[in-house]
Amino acid sequence: MAKKKETPKRQSVRKALILISFLLFPVTIYYFSPVLIVEAARLGIINGSFIMFALILAASLVLGRGFCGWVCPGGGLAEICALARDKEAPGGRLNWIKYFLWAPWIGVIIYFAAAAGGYRRIAPLYGTWHGISVHDPESYIVYFFFVALIALLAWFPGRRGFCHYVCWMAPFMIIGDWLRHKTGWPALQLQADKEQCLECGKCAGNCPMSLDVPKMVASGDMHHSECILCGTCVDNCANATIRFAWHSGQGKDPR
């Protein structure tokens, strides 16, 4: 009887964290809401999602898109869906779809905040019931809509399709990571020794974001705007070619 492949300890921890985050999604969904932040801006209120997006942007200056790989509830659902249909998602130019959605959304927020005379009040729990998001029929509809959207995009385009094409939080982190990459201050990054690479393909086969990791290793540049620093390539590398590193430095522009 073939021995079942053991999940690396770090990946077990990561998957546990991201699963817990998804299970808490009924509580936290409004803190990630792209709609509630617009409604709050119209009233001059800094709400929970405003604060959350600001924190995500700040964290990305040192952790890149680590939020996506370790604690994002939508990412947790996407990885659960991958257990049923583990298909690579086409990337490249299609990844730019999220920017065409994000830019006008940010414009709407700025417009409503300006029309309200600026932000005048901070209310982190705005729109929730004592901090809980899903508490009435309307909020259940919102919750199941986003669950269905994330699941459908994970099923049809492939692994983390929502993260690639639709996620309104990803651009915040990509901008933060781009700023970090340009300035060169210390941050968590991936490094690889291409001389050690066995070209086994395990890194690409296990990547949740369907990145061409062997190509990144061969180029000597492990920085990629769609990398979520989940460490799957690190923990599944047969020859310890890829590793996490905390360092500064400027490399090639993010893809």
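Structure above, values below:
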| quantity | calculated |
| --- | --- |
| Residue match in segment 64-84 (condition: over 20 Å from TYR165 (Cβ atoms), outside the structural domain of ALA204 (by TED's automatic domain parsing) and in a helix (DSSP H, G or I)) | yes |
| Test: ILE45 is crowded, with 16+ Cβ neighbours inside 10 Å and over 23 Å from ILE175 (Cβ atoms) | yes |
| Meets criteria (among the small types (Gly, Ala, Ser) and surrounded by fewer than 16 Cβ atoms within 10 Å (Cβ to Cβ)) for ALA123 | yes |
| Subset of segment 217-238 [aliphatic (A, V, I, L, M), farther than 25 Å from TRP168 by Cα and surrounded by fewer than 23 Cβ atoms within 10 Å (Cβ to Cβ)] | ALA218, VAL234, ALA238 |
| Every residue from segment 159-209 that is touching a strand residue (DSSP E or B) at 6+ places or on another chain (Cβ under 9 Å), crowded, with 22+ Cβ neighbours inside 10 Å and in a loop (DSSP other than H, G, I, E, B) | none |
| Residue within segment 126-147 that is in the same structural domain as SER33 (by TED's automatic domain parsing), over 23 Å from LEU77 (Cβ atoms) and touching a strand residue (DSSP E or B) at 6+ places or on another chain (Cβ under 7 Å) present | yes |
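Here is a yes/no grid of residues against (1) closer than 18 Å to ALA170 by Cβ; (2) in contact with a strand residue (DSSP E or B) (Cβ under 7 Å, 6 or more places away or on another chain):
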| position | (1), (2) |
| --- | --- |
| PRO8 | no, no |
| GLN11 | no, no |
| LYS15 | no, no |
| VAL27 | no, yes |
| TYR31 | yes, no |
| MET52 | yes, no |
| ARG65 | yes, no |
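The values are calculated or read from the model by the stated rules, or taken from the named source; none is laboratory data. Bear in mind the structure is a predicted one, so any value in this text is a computation, not a measurement. FYI the Cβ positions are ideal-geometry reconstructions off the backbone, even for glycines, and counts take in every protein chain you see.
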